[in-house]
Each structure stands twice: as structure tokens, then as C-alpha cells.
Amino acid sequence: MNNYLLYLFEANCTLLLLGLFYYGFLKNETDFRRKRWYLIGSSLFALVLPLFRFDLFPDQGETLKGIQTMILPEIVIGGGEIAEAETVTSSFTWIPVLYWTGVVLLSLWLMFQLGQVVWFFMANTHRMSRKGSYIIIHTNGTLPTFSFFNLLFLDNSVELTKQEEDKIVAHEMAHIRQMHSVDILFLEAVKIFFWFNPVTWYNRKEIQDLHEYLADDVILKETTPEDYSDLLARMALNKAHLSIGHHFNKSKTLKRINMMNTTKTQIKKWKWASLAPLVAIILIAFSCNDEAMNDLQTVVEGSAMAVEIPENIQVEMQKLKEKYPNAEFEYLETSADNEEELARLKSMDPNTIALVDVNKEENRIGMIVRKDGVMTRVAENTGDGETFLVVEQAAEPVGGYQEFYKYIADNLTYPASAKEKGIEGKVYIQMIIDTDGSVTDVTAVKGIGYGCDEEAVRVISAAPAWQPAEQRGKKVKQKIVVPIAFALGGDSQSHGSNTPPPPAPGELKQDFFKMKLDVQRSGDAVYGKVFGEDGKPLAGTNVVIKGTTRGTVCDRDGSFKIKLDSPDQELVFSYVGYETAKLSNN
């Protein structure tokens, strides 16, 4: 849902900007053919563009893989406040309901109109006559003259001369030959799915007027504007009924007559040239938006939540890498009691298995496998990346998160060079909490430069020790990512100018937030969403099957899905700054 909302946002912004360009630069132009293709092309461009991702600003640094990752709440340096999380709160759950209600109602209205055409066509087959590739259906006054695809509905109850009727038929044939009905249905579909955007309604109306002007131009090649204007005025007395058809007498008669007597000119080249900067702005804006939306995703690429490889396996892994320097190896681990996972491991090609390690004491089986085509098959068999090895007890700072955040605020200096140049942005600092609680391997996996990255690394590297993470009762390493936002929101002192609140209220680490679970079961599958006390999704929440090394991580919208081995298994939910939550089938 989160990706769909992002798509809607980007597509609507594109439609709005390109629609404003049309209204400001092309609305009064008389090059109807190019205006038609602009309306179709701009709508298609707006639909397709958000599907692509633009990386105009390459990442700085690399992420580590193989150790469980935790994303801490953001701390702001220089602005004096904690930034709001970039998520949609659950209090707006009525928005999707309103959106889809509009989509359904407009879809039903379109289907009703299409049904009218189909019904009238089927009910009047005895009045049909085929001429070439199109079919004429006489309406006997039931419906006015209009065309839809290759169907020409002709109102034969109106008294017309043979010459006048030929002009009307030729007009509708112009609609059919130029495939105007395709434009109508395409823009109707765009209007349905973006009904809240006024540009889609304007485009739908404008394209139908352009169709009439284009069809009129065809007739004017064989008749005078005066004669054709007289025919338009007389036919305007009849009322049209179906908006999806092209009615000879529907469009604004005075506008059509005025257009007949207007000198046609091509659109000036400078107007088309001015479109290029607008498209460039859209691409840059989308790239920045994608960068912001994917910041957390980028730094947790390795957060498949794999625990550290056992020491004895590390030795064997190193030997294999030295012996086969061009090969890639992967360590897989599962519980010896998990028959399903064991069956999948046994189904692998034996030629790809470099080592099998059976640990009876911990009741686990591990394998070093060569990373080739077979590995791809195993990844697919595990089910959408759902199965991971995760820590049961996350690492925590000694003294609590309040002390950790206070330490950062008291010791981090906003670099003078960054201040002078007005540099602001987020620096993502990655660190490894070792088994003894020490802070190691501190790197800036994503930064803004001008000394901000180095300053953040310096402060985090000197941070006090943590309580290490635990897995199956043993201390393990854990990867932590700390987002630090540098903001010039006011006077920024060198030290102690910012003491942001901890991720949970209170003075002690025991005073945590309580997470909210919205969980459903379907057979052996458990799925749902995890929210914080403020109703915002808790992206990155660990979801572990108690007593096992299997689990998953909540997506950006707080959603998760996991498959249980038995219905009596218990799930454990953990997130930094929140009380651990448990969910059983009882």
C-alpha cells in the first residue's frame, strides 16, 4: 500500500505540472493534432514515470551484510527537535476507503454507458448496414448521431438533405479513422483512477473538443465554413446522451464555428523547448523523493537478519575463499527440528554444498553452499524472503537510550564548513555492537559530506559500551544504524546545544513505549501490521518465532507475514525503545 500511495503521489504531481504547462502554453494554440498527442502523451508519461527509479545521487559508502540490523530513531543536530517519521499514520485509514469508493463509482458509471451502447447495438441489429470497415445503426430518434469505435449511430429522424447527411457521416467517419474512441477510453480510465486530480477532468473534456475540431477540419476540406456552420447550428437543437461517444451536435457549437474561421498555426518551438526544463525538474524531484523514501531501505539491505557465522564455520569459509577466490559462498542455518527446511536443504545439488556442520548441542544444522543457480532456487523455495535468522534479544545502550542520545547531542559538533555552506541532511551511521558490548566498525553508510560524516563517525566511535544482543542464550554481534539529521534550524552551539528526547518517554530505559499489533491468521500463516503508540507503523520491527532462529522484519508500512511450523508456536515482536510483545495462539 505504501508503494501504491507513493505512485499515486508522483503520478498526480506529474499530471498536475504537465496539465499546468498545457493550460499556460498550449490551450489557445490551433495545432489540434499536436495538442491531442500532448494530452495523451503527458497522461501516459505520468502513469509510467513513477514506475522507474532514478538514482541521480549515488550512495556514499557500502552496507555490511550478515549481521542483524536495527534502525534507531533519528536525532537532529542543529535544529533542536526530533524529526517526524516519514510514514502515514493509521488515523488516515479512511483515505483509501474514500479513494476506492470514487474509483468504484466512476467505474460503474463508465460501465453503465458502455452497457448502453452495447445494449442499443444488440437490440437494433435489424437496422444495421455495413459500409467497409464500419457499421451504421439507424437510431430512429432514440439516440442522436454519434460514433464509438467502428460503430456509427445515425439519427435518421432528422430531416436532412443527402448532402448534409453525407457531411455528418464524413464527420463521424473522421472520428472512427483517427481512433478517437481510444483516446476517450484511455483518459476515462486515467480520470477514474486519479479522480481527485482536476487535471484529469480537464484533459477528458479538452480531448473531446480537440476531436471535434480535428473532425471539422476534415469536412472543411470539402465544404465552406459558412455552409458547415449553418448545419452545426441546426443540429445543435438535438441533445446528446452518451458522453463516451462523439456526437455531431454535442460540442460547443459557437466554439467550433469560431475555430473554423481561425487561422491555423503550428506551436512555436520555444514552447516545446520550455517543456524540457519542466521534465528535468520532475525527474530531479522524483530522484530526491526516491532517495528519501529509500534511505532506510538502502542501509538495511543487509538486514536479512542473519546472525553472525559461528567461529568454526568462519575458519572454513576463509579456507574456501582462499581456494576459490572467484566463487561466492553463502552460509545457511536451520533448526534440526524443522523438517520442512531440512527437506529443502536436502533437495539441493550436492555438488554445490561445500560443508555441512551439525551442532547437536544447539540442535542446529548449518551449510556452506556455493552461490550459483541452485542458490537462486533455494531462495525462491523459502517463500518471498520470509525466513531469516534473527536475534531474540536486541542490543541496548548501558544506561538506556536517553543517555545514548544525550551523549550524541552533548558531544557532536556541527562542522563549521557545513554551516557556512548551509549544508543540511541526514547521515546514517552504522556500527557493530560486539559480543562484549563494545562499539566497533563505525562507518557512514550514507552521508552529506562537508565534515558531517566524519564528525558523526567520531562521536559514535567513542560512545560508551552497550549491552550486547543475545541469540539462544549466547551473546552475538548486532548491526545498529543511527540516523543523525544535521539541520540549521536555529543557533547551533558547538556542544550541548541539542538534547533531544529518547525514543521512549521517562528517565530510565525501563520506561518503554507499547507497540500495537493488528494480526490475523490463515492456516499456518500469520500476517498483519505493527504500530507504535502514536499509531505510526514500526518499520523494521523484529518478528521472531520463539525458541527458533526463524523470523522476519516489518516492511515500511509495518506489515509482516510469516509461516509457522505449528499452530502453538509463539511470536515475539521487538523494536528499539518499545516493550517486547508476544503473540500466542491461545
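Among the residues of segment 169-187, what is the count of those that are farther than 17 Å from LEU151 by Cβ and crowded, with 19+ Cβ neighbours inside 10 Å?
Going through segment 169-187 one residue at a time, the tally reaches 1.
Which one is most open to solvent (accessible area, probe 1.4 Å) among residues in segment 445-470 that are farther than 15 Å from ILE408 by Cα and either out of contact with any Ser or Thr (no Cβ under 8 Å at 6 or more places or on another chain) or in a strand (DSSP E or B) (or both)?
If we take residues in segment 445-470 being farther than 15 Å from ILE408 by Cα and either out of contact with any Ser or Thr (no Cβ under 8 Å at 6 or more places or on another chain) or in a strand (DSSP E or B) (or both), then GLN467 is most open to solvent (accessible area, probe 1.4 Å).
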| query | Among the strands (runs of 3 or more DSSP E) contained in segment 117-160, which hold 1 or more residues that are out of contact with any Gly (no Cβ under 8 Å at 6 or more places or on another chain) and at pLDDT below 85? | reply | 128-131
| request: Could you list all residues from segment 414-434 that are polar (S, T, N, Q) and buried (at least 16 other Cβ atoms within 10 Å of the Cβ)? | output: GLN430
| said: I'm checking my understanding of the structure. Among residues of segment 297-337 that are under 28 Å from VAL544 (Cβ atoms) and of a type in the set (S, T, N, Q), which one is modelled with the highest pLDDT? | reply: GLN314
| message | I'd like to know if segment 409-423 contains one or more residues that are on the phi < 0 side of the Ramachandran plot, modelled with pLDDT under 85 and hydroxyl-bearing (Ser, Thr, Tyr). | response | no
| In segment 527-551, which residues are in a strand (DSSP E or B), under 15 Å from ALA581 (Cα atoms) and at pLDDT below 80? | ASN542, GLY551
| said: Looking only at residues that are crowded, with 16+ Cβ neighbours inside 10 Å and touching a helix residue (DSSP H, G or I) at 6+ places or on another chain (Cβ under 6 Å) in segment 1-15, which one is modelled with the lowest pLDDT? | reply: GLU10
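Pick out the one residue from LEU508, LEU488 that is modelled with pLDDT under 80, under 23 Å from ALA409 (Cβ atoms), among the aliphatic types (A, V, I, L, M) and open to solvent by 80 Å² or more (accessible area, probe 1.4 Å).
Details: LEU488 fails: open to solvent by 80 Å² or more (accessible area, probe 1.4 Å).
Criteria check complete, one pass: LEU508.
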| field | Qualifying position, being in contact with an Asp or Glu (Cβ under 6 Å, 6 or more places away or on another chain) and assigned to a helix (DSSP H, G or I), among ILE176, ILE192, ILE207, ILE168 | value | ILE207
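The values are calculated or read from the model by the stated rules, or taken from the named source; none is laboratory data. From a predicted model like this one, the values you see are computed outputs, not experimental measurements. Positions of Cβ are backbone-derived with ideal geometry, glycine not excepted, and every protein chain shown enters the neighbour counts. Quick note on the areas: whole protein, heavy atoms, side chains included, nothing else; ligands and nucleic acids left out. Shrake-Rupley method; radii C 1.70, N 1.55, O 1.52, S 1.80 Å.
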